[in-house]
Amino acid sequence: MTTRPEILRRSASVALGLALAVAGTLAGARQPSVDREDQEFARSVREWTTRPEFLSPLVDHLPLAPGVPSPKDVIGHHVGAPKKLSYYAEILGYYRALAASSPRVKLMTIGRSDEGRELVVVAVSSEEAIRDLEAYRKFLAQLADPRTLSEVQARDIIVKAKPVYHVMGGLHSAETGPPEMLMELAYRLAVEDSPLIRQIRDNVIVTITPVAEPDGRDRYVDWYYAYKADETGENDTYGGPPYWGKYVFHDNNRDINYSQVTTRALLDWYLQWHPPVMHDIHESVPFLYTFSGQPPQNPNLDPILYAELPWHAEFEVAQMVKYGMPGVWTHAFVDMWSPGYFAGMASNHNGMLRMYEVFGNGGANTMERKVDRSEGPRPGGQTTREWYRPLPPYREVEWSIRNNVNYAETGILTALQLTAAFPRVVLESFYLKSRHAIESGRTEAPFGYVIPAGQPDMTRAAFFVNVLRAQGIEVGRARADVKLKEGTFPAGSFIVKRDQPYGRLAKMLLERQSYPDPNLRTYDDSAWTMGLMTGTEVRESADLDVLNVPVEPVTEARVQGVWSGGQPGSAGMIAVAADGSASLITLRYRLKDLKIEAAEKPFKSGGAELPAGSFLIAASQNGAPVAEKVRSAVEELGLRAIVLPARPDVPTHDLRLPRLAVYSTWGSTQEVGWVRYAFDKYEVPYDLIFKERVRKGNLRADYDIIVMPSQGGSARRLVFDIEPKAKPLSYRKSERFKSFGMYGESDDIAGGMGLAGAAEFQKFVEGGGVLITLGAASYFPAEYGITRRVDAGRPSAQFYAPGPIVEAEVLQGEHPVFYGYTRKVLPVRYANGPLLRVPDADTSQVLMQFPGGERSVLSGLMRGAGEISKRPAIVDVPVGAGRVVLFASNPCYRWQNLGEFNLLFNALLHLGSRQ
Ligand SMILES: [Zn+2]
């Protein structure tokens with residue numbers, strides 16, 4: 001034990017005079033009146049902290065506040081106690097008790113999670129600020145959209161306003177410390193009377209998302225108590241539960257289109273409150289990494305952001321180094337390229353995304369951790385001393401959840417210290433970034449985007465217009481034809497003007513991503529261009545006149561279906577056009593009781609042209625007219641129907657509803673989750689099956705089609721999945737573990753389907769079933785010999801393709817999977833699936849291929865694009881009485897590539913019925 005605290009206290013008193021001005025030094029850390037502090041807290045925290053230098057003067061004490069409950073008063077122990085994790089209800093219970101007893105705390109309900117848990121934001125500030133919260137909210141709203149503000153008015157607001165600094169934890173359920181820490185932070189901010197905390201209270205409104213994924217929190221805490229509380233070390237781990245939230249796992253931090261209810265609820269709140277900073281606390285690297293936005297950086301965002309990110313981060317590094325805390329660093333980890341991270345909602349809206357990674361043990365057990373596991377020519381990993389890591393983490397360490405709490409809370413208090421010292425700087429930057437965003441729309445082309453009306457399928461255009469609208473981007477509908485130097489666009493076209501507060505965000509989402517340097521790696525996707533992802537035409541305009549196009553503001557884009565030809569006679573047929581809408585499959589299921597056929601070729605009837613794949617529905621079925629039922633569904637789904645006097649002369653097949661299953665491993669449920677989400681949204685019913693069902697055998701008795709979403713990364717992992725543990729990993733609901741057994745049940749999730757399971761898939765296919773494998777799951781049929789002539793390779797080590805959008809060339813345009821697609825070359829998100837190859841004799845099985853090469857990269861980065869040249873993107877292989885359709889791409893990716901969804905949906909509609 002060093003005498004560090006004494007040193008700090010001494011330097012504190014020396015610095016006191018200065019510190020009160022900015023609360024910027026150690027002096028602000030604490031109040032000397034020891035009798036008002038919780039001595040037991042100080043003792044416990046010292047005991048739970050594994051080394052003295054892992055504690056700081058900001059968090060080594062906790063004031064007693066008569067009448068205001070500390071976390072211990074509600075949850076029964078101090079935050080960071082070994083082997084204790086709090087359930088969401090306990091956490092909410094604490095904030096509710098705190099808000100009920102302190103006029104400095106207010107709890108707001110912002111929605112409900114997928115599983116019905118209440119979503120809240122907790123505000124902590126001075127009594128005055130909490131009382132006048134609404135006034136402060138309005139100040140920020142004005143700065144966020146300064147179009148009607150004069151410079152003088154803006155200055156006046158900046159003087160009166162306070163920055164809202166939003167902090168959140170628990171987005172990733174295995175990252176268990178921050179939701180515990182935030183309770184202590186809220187209490188400390190509400191009751192501590194040190195100069196530092198007073199200054200934060202006076203100058204900042206702190207808002208907190210206690211747990212960003214509450215459903216996953218409860219499931220993970222259940223799992224922790226069921227299995228992980230017994231873990232003794234990092235080599236003795238029981239992994240995590242098969243699910244966090246209902247659909248997605250870690251990708252809740254990649255939900256660029258805000259599909260999940262919890263992400264959307266916070267976005268809606270954000271757009272009401274406009275916090276200039278959103279700070280998301282995660283766990284991974286040692287001991288605390290503070291994000292500063294390293295390259296590649298998205299050039300659309302304001303240069304101010306790229307200057308203030310390192311300013312904030314370096315202040316934390318400097319302060320925490322001063323406290324003697326090792327392992328606090330910045331740079332060299334996460335970059336600022338993708339706008340799809342959860343807290344990116346702030347930087348995308350002219351605020352600031354801030355992020356920590358704190359070291360964690362995936363639970364609350366104290367354990368020895370080997371931090372430096374790197375090998376090779378330059379060992380050290382994240383433990384080397386660098387310019388951005390002046391006091392590196394230790395290579396081996398005993399680590400506890402209290403260490404984690406100490407680091408995260410000290411970091412956040414330090415972040416708040418800077419904001420409280422410079423509130424007007426933060427507000428001014430926020431205001432200027434908002435203003436610059438509007439101005440750049442008038443000075444930097446493109447000045448706007450046109451989504452032309454009259455595209456065969458407008459439902460996909462409406463989808464992304466609504467995603468833009470959800471993010472507060474203004475979209476208008478042209479009142480008349482629009483003449484721009486790029487061409488003339490029909491009345492009703494959607495217009496996105498760039499001279500608006502979120503005009504830069506619109507550009508970022510709609511443009512093609514031009515990756516700055518192929519030698520830079522990026523943390524997530526390199527491309528997300530919405531028009532390409534949805535297969536919709538979007539035109540950039542470099543014509544300033546686009547800003548003056550008269551428009552009707554769009555609240556929500558809705559596509560009304562079209563019904564032509566009036567009332568059918570009893571011999572009449574209703575044709576529903578396969579124009580490319582993914583909602584066609586929804587129509588099939590909404591009309592599940594009707595007999596529907598699909599035209600196998602394009603045909604004309606009267607003046608109408610209908611593409612291959614169009615539905616044909618007899619207007620009278622079993623003696624009853626069905627037109628009204630069809631009509632209301634067609635209109636609601638935005639489809640196009642034409643009444644024909646009689647059956648057209650075109651070959652057809654019946655669209656029988658396939659008995660459909662989705663296969664999921666237990667260890668890799670995320671990509672499965674996105675497919676489930678898409679199926680649920682499009683009302684496609686399916687059974688979610690696991691190894692338990694596969695091993696029972698006779699899959700063909702129950703299913704016509706089994707979809708195997710991308711999972712596991714390799715065939716071996718897909719087959720063998722989670723390694724068996726010393727005790728079975730039961731995922732069954734019980735009185736004690738109520739969150740288990742959702743979305744599937746198992747007595748032991750370990751072990752995988754094994755070779756016996758692989759053989760069952762082979763029998764299924766040979767017996768006439770259709771197996772559809774997506775992305776990495778396509779290694780499975782190739783490597784386990786179900787499609788014995790298909791080879792599945794991997795690219796070279798130089799190849800690097802972080803989710804670019806590339807061209808794919810349709811080779812078998814008549815095949816049903818291409819119904820509704822009119823182009824020969826489609827934009828496809830590259831999914832890093834297998835590099836497939838078939839023998840020359842089988843090339844007719846290749847439905848689509850990647851032309852490859854630099855010129856085929858439409859958006860984002862693919863390094864070594866020649867390696868995918870002429871590699872199949874989709875192969876349809878007959879096997880026995882059935883078939884396997886292998887996608888090297890992932891046609892159902894993260895609720896993003898709607899333009900590809902129909903490649904899968906068509907397979908479901910048409911391949912199962914052909915058996
Ligand atoms: Zn995380």
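Which members of segment 455-509 meet the condition of being over 14 Å from R539 (Cβ atoms) and of a type in the set (G, A, S)?
A462, A470, G472, G476, A480, A491, G492, G503
Of all residues in segment 240-253 being within 16 Å of the ligand (Cβ to nearest atom) and open to solvent by 20 Å² or more (accessible area, probe 1.4 Å), which is nearest to Y743 (Cα to Cα)?
Residue satisfying both the conditions and the ranking: F249.
Quickly run through segment 358-400 and pick out the residues that are within 16 Å of the ligand (Cβ to nearest atom) and in contact with a Pro (Cβ under 9 Å, 6 or more places away or on another chain).
Quick first cut of segment 358-400, residues within 16 Å of the ligand (Cβ to nearest atom) only: 358-363, 382.
Passing the criteria: V358, F359, G360, Q382.
Quick check, is F287 surrounded by 21 or more Cβ atoms within 10 Å (Cβ to Cβ), within 16 Å of the ligand (Cβ to nearest atom), farther than 22 Å from Y165 by Cβ and of a type outside the set (S, T, Y)?
It is true that F287 is surrounded by 21 or more Cβ atoms within 10 Å (Cβ to Cβ), within 16 Å of the ligand (Cβ to nearest atom), farther than 22 Å from Y165 by Cβ and of a type outside the set (S, T, Y).
Can you name every residue in segment 367-391 that is farther than 27 Å from L196 by Cα and open to solvent by less than 60 Å² (accessible area, probe 1.4 Å)?
Within segment 367-391, M367, R369, V371, D372, S374, G376, G380, G381, Q382, T383, T384, E386 meet the criteria.
Considering only strands (runs of 3 or more DSSP E) fully contained in segment 324-427, which possess at least 1 residues that are of a type in the set (G, A, S) and either under 24 Å from the mean Cα position of the chain (by Cα) or under 27 Å from G239 (Cβ atoms) (or both)? It would help to see each step written out before you state the result.
Numbers: elements: 328-330, 352-359, 367-370, 396-399.
Where strands (runs of 3 or more DSSP E) fall fully within segment 324-427, none carries at least 1 residues being of a type in the set (G, A, S) and either under 24 Å from the mean Cα position of the chain (by Cα) or under 27 Å from G239 (Cβ atoms) (or both).
Are any residues in segment 622-657 of a type in the set (D, E), in contact (Cβ under 8 Å) with a residue 60 or more places away in the chain, out of contact with any helix residue (DSSP H, G or I) (no Cβ under 7 Å at 6 or more places or on another chain) and within 23 Å of K604 (Cα to Cα), and if so, which ones?
So the first thing to find is which residues in segment 622-657 are of a type in the set (D, E), and the list is 628, 635-636, 649, 654.
So of that shortlist, the ones also in contact (Cβ under 8 Å) with a residue 60 or more places away in the chain come out as 635-636, 654.
Narrowing the set further to residues that are out of contact with any helix residue (DSSP H, G or I) (no Cβ under 7 Å at 6 or more places or on another chain) leaves 635-636.
The one that is of a type in the set (D, E), in contact (Cβ under 8 Å) with a residue 60 or more places away in the chain, out of contact with any helix residue (DSSP H, G or I) (no Cβ under 7 Å at 6 or more places or on another chain) and within 23 Å of K604 (Cα to Cα): E635.
Which condition number in (1) in a strand (DSSP E or B); (2) under 37 Å from the mean Cα position of the chain (by Cα) is the one that V643 fails?
Failing condition for V643: (2).
Quick check: anything in segment 154-167 free of Cβ contacts under 8 Å to residues at least 12 places away in the same chain and loosely packed, with under 13 Cβ neighbours inside 10 Å? Walk me through it before giving the result.
Keep residues of segment 154-167 that are free of Cβ contacts under 8 Å to residues at least 12 places away in the same chain, which gives 155-156.
Now restrict to residues that are loosely packed, with under 13 Cβ neighbours inside 10 Å: none.
No: zero hits.
Residue check: is A186 closer than 24 Å to V120 by Cβ and among the hydrophobic types (A, V, I, L, M, F, W, C)? Working first, answer last.
Numbers: closer than 24 Å to V120 by Cβ: yes; among the hydrophobic types (A, V, I, L, M, F, W, C): yes.
The answer is yes for A186.
Based on this model, can you work out whether Y356 counts as more than 26 Å from G472 (Cα to Cα) and buried (at least 22 other Cβ atoms within 10 Å of the Cβ)?
It is true that Y356 is more than 26 Å from G472 (Cα to Cα) and buried (at least 22 other Cβ atoms within 10 Å of the Cβ).
Among the residues of segment 392-418, which ones are among the basic types (K, R) and buried (at least 22 other Cβ atoms within 10 Å of the Cβ)? So that I can check it myself, show each step before the final result.
If we filter segment 392-418 for residues that are among the basic types (K, R), which is where we start, we get 395, 402.
Scanning segment 392-418 gives a single hit, R402.
Among the strands (runs of 3 or more DSSP E) contained in segment 77-188, which hold 2 or more residues that are within 16 Å of the ligand (Cβ to nearest atom) and in contact with a helix residue (DSSP H, G or I) (Cβ under 7 Å, 6 or more places away or on another chain)?
Passing ranges, in order: 164-169.
What pairs come up if the first residue lies in segment 740-760 and is in contact (Cβ under 8 Å) with a residue 60 or more places away in the chain, the second is acidic (D, E) and open to solvent by 20 Å² or more (accessible area, probe 1.4 Å), and their beta carbons are under 7 Å apart, counting only those six or more places apart or on different chains?
So the pair list comes out as S746/E692; A750/E723; G751/D721; G752/D721.
So for segment 264-280 (the condition being buried (at least 24 other Cβ atoms within 10 Å of the Cβ), closer than 17 Å to E213 by Cα, among the aliphatic types (A, V, I, L, M) and within 15 Å of the ligand (Cβ to nearest atom)), does at least one residue qualify?
So far as segment 264-280 goes, yes, one or more of its residues are buried (at least 24 other Cβ atoms within 10 Å of the Cβ), closer than 17 Å to E213 by Cα, among the aliphatic types (A, V, I, L, M) and within 15 Å of the ligand (Cβ to nearest atom).
Could you please give the count of residues in segment 590-639 that are open to solvent by 20 Å² or more (accessible area, probe 1.4 Å), hydroxyl-bearing (S, T, Y) and under 22 Å from H815 (Cα atoms)?
The number of residues fulfilling the criteria is 0.
Looking only at residues in segment 377-404 that are β-branched (V, I, T) and in contact with a Ser or Thr (Cβ under 9 Å, 6 or more places away or on another chain), which one is nearest to E316 (Cα to Cα)?
So the first thing to find is which residues in segment 377-404 are β-branched (V, I, T), and the list is 383-384, 397, 401.
Of the ones still in play, those that are also in contact with a Ser or Thr (Cβ under 9 Å, 6 or more places away or on another chain) are 383, 397, 401.
Numbers: T383: 18, V397: 22, I401: 20 Å.
Of everything passing the filter in segment 377-404, T383 is nearest to E316 (Cα to Cα).
Go through segment 233-262 residue by residue and tally those that are of a type outside the set (K, R) and farther than 30 Å from M320 by Cβ. Show your work before the answer.
Start the filter on segment 233-262 by keeping residues that are of a type outside the set (K, R), which leaves 233-245, 247-253, 255-262.
Imposing the further condition that a residue be farther than 30 Å from M320 by Cβ reduces the set to 236, 238-239, 241-243, 245, 247-249, 251, 255-262.
Residues flagged as of a type outside the set (K, R) and farther than 30 Å from M320 by Cβ within segment 233-262 amount to 19.
Return the residues of segment 189-215 that are assigned to a helix (DSSP H, G or I), open to solvent by less than 10 Å² (accessible area, probe 1.4 Å) and under 20 Å from H77 (Cβ atoms); say none if nothing qualifies.
Passing the criteria: only A190.
Within segment 820-850, how many residues are open to solvent by less than 40 Å² (accessible area, probe 1.4 Å) and under 30 Å from the mean Cα position of the chain (by Cα)?
The qualifying residues number 14.
Starting from segment 348-372, take each residue that is closer than 30 Å to H436 by Cα and list its partners that are of a type in the set (S, T, N, Q) and within 15 Å of the ligand (Cβ to nearest atom), counting only C-beta distances under 6 angstrom and pairs at least six apart or across chains.
Partner pairs satisfying both residue conditions: Y356/T290.
Can you confirm whether A578 is surrounded by 15 or more Cβ atoms within 10 Å (Cβ to Cβ), touching a Pro at 6+ places or on another chain (Cβ under 7 Å) and closer than 19 Å to L904 by Cα? Let's see the steps before the verdict.
Working: surrounded by 15 or more Cβ atoms within 10 Å (Cβ to Cβ): yes; touching a Pro at 6+ places or on another chain (Cβ under 7 Å): yes; closer than 19 Å to L904 by Cα: yes.
So A578 passes the test.
Which condition breaks for Q915 when tested against (1) closer than 26 Å to E537 by Cα; (2) modelled with pLDDT under 95; (3) of a type outside the set (D, E)?
(1)
The values are calculated or read from the model by the stated rules, or taken from the named source; none is laboratory data. All values reported here derive from a predicted model rather than from experimental measurement. Every residue, glycine among them, receives a Cβ derived from its backbone with ideal geometry; neighbour counts consider all protein chains shown. Only protein heavy atoms, including side chains, enter the accessible area calculation; ligands, DNA and RNA are left aside. Shrake-Rupley method; radii C 1.70, N 1.55, O 1.52, S 1.80 Å.
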